[in-house]
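As structure tokens, the structure follows; a few thoughts come after it.
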Amino acid sequence: MVGFPEGLTPSSSLASSIDHTLLRADATEDEIKKLCEEAIENKFFSVCINPYWISLCKEILSPSPVIVCSVVGFPLGATATLVKKTEADWCVKQGASEIDMVMAIGALKSKRFQEVESDIREVVKVAAPARVKVILETALLNHDEKRLACQIAVQAGAHFVKTSTGFAKAGANPADIVLMRECVGDLLGVKASGGIRTRLDAEALLRAGASRLGTSAGPAIIGGQIQASEVY
């Protein structure tokens, strides 16, 4: 993994492996500001937020190394490629350095593999130089579909594969991370997200091969506190 761009490979610091996340529909401006302040204080890699909040986060984070990550086709992945491209382009122009796009899940399950690849490739192209993570929504896929999704993401030029939106029936688990890492090797980063509540959860996923962690419980994880519940 030597020579990979920053952010693709696991960090030596747990904190700097975290995308501090707030994707609830009812998130308020004050909550977004707090998210950014926590990211700066804890030296997280990024904040991951809905597109509406990109410019606010960019303004708050600009004096720090924390970057802005936003989502495209979220959370279903069922919008047209043109819509995803337009959204990704807008997000990058607003200041997003990373894009987490939801794969066309139904198309994959319908074996429309070329369409899935084209959907990802077009977003990667328009988002450049921003990195693109492809959300597979692993809870909705079987073993073979997970492997295929990873292979397609590699072929389409994505920078990461990611487990979950956090809005499906389950999130990240070590077994899926192992599978995804086996599929992409050193070519892509692997992001675990959904249900990461404790430091033990985080460390287990990093050991399994995750490069990045998406969680709303970052401060508690770093502080060793146990979270009873988490949306994402």
Within segment 184-204, can you find the residues that are in contact with a strand residue (DSSP E or B) (Cβ under 8 Å, 6 or more places away or on another chain) and either over 15 Å from Leu136 (Cβ atoms) or at pLDDT below 95 (or both)? Ile196, Arg197, Ala202
Looking at segment 137-176, which of the residues that are of a type in the set (Val, Ile, Thr) and farther than 25 Å from Asn50 by Cβ is least open to solvent (accessible area, probe 1.4 Å)? Ile152
Could we say that Arg112 is at pLDDT 95 or above, in contact with a Leu (Cβ under 9 Å, 6 or more places away or on another chain) and either among the polar types (S, T, N, Q) or open to solvent by 70 Å² or more (accessible area, probe 1.4 Å) (or both) here? no
Sole exception among (1) modelled with pLDDT of 95 or more; (2) within 19 Å of Ser46 (Cβ to Cβ); (3) buried (at least 24 other Cβ atoms within 10 Å of the Cβ); (4) within 16 Å of the chain's Cα centre (by Cα) for Ile221, by number: (4)
Taking segment 122-137 and keeping residues within 16 Å of the chain's Cα centre (by Cα) and part of a helix (DSSP H, G or I) leaves Val123, Val124, Ala127
Among the residues that make up segment 82-99, is at least one of them in a loop (DSSP other than H, G, I, E, B) and of a type outside the set (Gly, Ala, Ser)? no
Please go through (1) surrounded by 23 or more Cβ atoms within 10 Å (Cβ to Cβ); (2) closer than 14 Å to Ala158 by Cα for Ala39 and return the number of the only condition it doesn't satisfy. (2)
Are any of the residues in segment 80-92 at pLDDT below 95, within 28 Å of Gln155 (Cα to Cα) and open to solvent by 50 Å² or more (accessible area, probe 1.4 Å)? no
When residues of segment 8-45 are filtered for being modelled with pLDDT of 95 or more and in contact with a His (Cβ under 7 Å, 6 or more places away or on another chain), how many remain? 4
Can you list residue pairs whose Cβ atoms sit under 6 Å apart, with the first residue in segment 93-113 being more than 15 Å from Ala153 (Cα to Cα) and the second being of a type in the set (D, E, K, R) and open to solvent by 40 Å² or more (accessible area, probe 1.4 Å)? Count only pairs 6 or more apart in sequence or on different chains. Gly95/Lys58; Glu98/Arg131
For residues in segment 180-198 being among the charged types (D, E, K, R) and surrounded by fewer than 24 Cβ atoms within 10 Å (Cβ to Cβ), which is nearest to Ile18 (Cα to Cα)? Arg197
Residue that is nearest to Gly166 (Cα to Cα) [pool: residues in segment 100-121 that are assigned to a helix (DSSP H, G or I) and among the charged types (D, E, K, R)]: Lys109
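The values are calculated or read from the model by the stated rules, or taken from the named source; none is laboratory data. Please read these numbers as outputs of a predicted model, since none were measured by experiment. Don't worry about glycine lacking a Cβ; one is built from the backbone with ideal geometry, like all the others, and counts go over all protein chains shown. For accessibility, only protein heavy atoms count, side chains too; no ligands or nucleic acids. Shrake-Rupley method; radii C 1.70, N 1.55, O 1.52, S 1.80 Å.
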